[in-house]
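> This is the structure, below, for whatever I ask next.
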Amino acid sequence: MSGLTRQQRLDYLRRRIAGVPARGEAVAGRAPRDEAATAESVLPVPAPVAALLPRGGLSRGSVVSVSGATSLLLGLLAAVTESGGHAAVIGHPRLGVLAATEMGAQLQRLAFVPDPGPDPVEVAAVLLDGMDLVVLGLGGISVSPSRARAVVARARSKQSTLVVTDGHWGGAEMRLEARVQGYGGVARGATGGGGRLRSVRLAVRAQGRSFQPRSACLDVRSACGRVEWVPEAVALTSAAAAR
């Protein structure tokens, strides 16, 4: 998109979102009836992360700041798209798409804008029209309060959730942070050659306007060709049993 004019970029994005189903329909349609109301107002997150959040997910129409280990961001994208929602990622050219798919992300429900041009916030505002979740990489910039308020109002009116990373956005409803605490053993490759880490231990902290900070240690673990999120108690039990 870097070679397009501002208007061409916006027109291209609007064409992309024109074919996206109405927000929330797929997510709510896959949930049992007693969970449908929650699915319509809250976006899913990995189960161990949900335990830290008052509503068990990301509220639609809100702005959430995410920092630290990329695994958390990938987990959010995987949870939303696997449940039938649509998501867009702006300004993350090196995002680990393979890792996201191993967590369950559905690429056909993901849109990527690795080079949004000089105004990534404007691109995000357009994509809020048609996506359940929009991830905005700010590239180190600070968004002015007046600009942030306008985008928050748009997210609220469209019932879309905006996740901001790599910059300053004042007034986010919730802040999530993930820090790597350690690594699990190395699993050998299928050919007996080089391997890969079996697990990563993350310290995840959630803080919001309406609740006190909460934190937990979680394992992001590879098992049977899929990457799973495992609560600390389960991870410790599994590790003890493996000894």
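> How much length is gained on full extension from Gln159 to Ser215, taking 0.36 nm per residue of separation minus their Cα-Cα distance?
Additional length available on full extension: 17.5 nm.
> Just subtract the alpha-carbon distance of Gln181 and Asp119 from 0.36 nm times their residue separation and send over the number in nm, one decimal.
18.8 nm
> Sticking with this structure for a sec: How far apart, in nanometres, would the label points at Arg14 and Phe112 be if each is projected 7 angstrom from Cα along the Cα-to-Cβ direction?
2.7 nm
> Sticking with this structure for a sec: Whose amide H sits under 5 Å from the amide H of Ala88, counting only residues 5 or more places off or on another chain, with H placed in the peptide plane?
Hits under the 5 Å cutoff: Ala111, Leu133, Val134, Val135.
> Would you kindly derive the ³J(HN,Hα) couplings of the range 58-73 from the backbone phi angles with the Karplus curve 6.51 cos²θ - 1.76 cosθ + 1.60 (θ = phi - 60°), listing them in order in whole Hz, with x for Gly and Pro?
Whole-Hz 3J(HN,Hα) from phi for the range 58-73: 8, 5, 5, x, 10, 10, 10, 9, 10, 9, x, 4, 5, 3, 5, 4.
Since every read-out is calculated from the coordinates, none of them should be taken as a lab result. None of the values given here were measured: they were computed from a predicted structure. Because the Cβ atoms are built from the backbone with ideal geometry, glycine has one as well, and the counts that use them run over all protein chains shown.
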